[in-house]
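One structure below.
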Amino acid sequence: MAGDPTGATTELLQALIRNACVNDGTAASGQEVRSVDVLESFLEGPGLDMERFEPTPGRVSLVARMEGSDPEAPSLCLMGHTDVVPVNPDGWSRDPFGAELVDGEVWGRGAVDMLNLTASQAVAFRRLADTGFRPRGDLIFFAVADEEHGSAHGARWMAEHELDSI
């Protein structure tokens, strides 16, 4: 991936905000599949293995892995979530899902918790893969669903059912 990592991170953050993966605590909410589709498309390319996990329809988490050179070395997992808490638009001066860029800042629900980190981790991860970087231990990017309401459809489910993946 050539170009400016700040611009790529900003664009990815805006896409994640606009997906409006609002988790109200019900099993059908969140629909993080929208953001996983975006992240998977962004990360596609050589050097990464990707796997999707969907314990509940629409509640998708993504694991991307860069294989390490030493199977005995410890792994490092970069984890970011893709859901956001509900919002009352009356309390906002801007559209909470508009992801407007204003004076160099992205405005929107999740911009600072934690879609900004999820986007920047994905950009760094893709850039490392593009350079041919090979870590000593596995490097894992984990975009997880359902962080905002107990993780029954996200990290907790992964830890109980797919621990080796993360």
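Descriptive notes on the structure:
- Whole-Å distance, taken between Cα centres, linking the range 32-63 and the range 81-106: 23 Å
- Semi-axis lengths, largest first, of the ellipsoid equivalent to the range 1-78 are 25, 19, 10 Å, with √(5λ) applied to each eigenvalue of the Cα gyration tensor.
- Rounded to 10°, Cα long-axis angle of helix 33-43 versus longest principal axis of the chain: 50 degrees
- Note on the chain: GNM, Cα springs under 10 Å; of Gly132, Gly25, Gly68, the largest mean-square fluctuation is that of Gly132.
- Residues whose amide H falls under 5 Å from that of Val84, counting only those 5 or more places apart or on a different chain, are Cys21, Val22, Asn23, with hydrogens built in the peptide plane.
- Between the helical axis of 5-18 and the longest alpha-carbon principal axis of the chain there is an angle of about 50 degrees.
- Shape call, the chain: gyration tensor on alpha carbons, a/c limit 1.5: oblate
- Helix 115-130 axis versus longest C-alpha principal axis of the chain: approximately 30°, rounded to the nearest ten.
- For the residues Arg136, Arg109, Arg65, a GNM of the chain with alpha-carbon springs under 10 Å puts the largest fluctuation on Arg136.
- With θ taken as phi - 60° and the Karplus curve 6.51 cos²θ - 1.76 cosθ + 1.60 applied, the whole-hertz 3J(HN,Hα) list for the range 86-94 is x, 9, 9, x, 5, x, 10, 7, 10 Hz, x standing for glycine and proline.
No value in this document is a laboratory result; all are computed from the given coordinates. Since this is a predicted model, take the numbers as computed values, not measurements.
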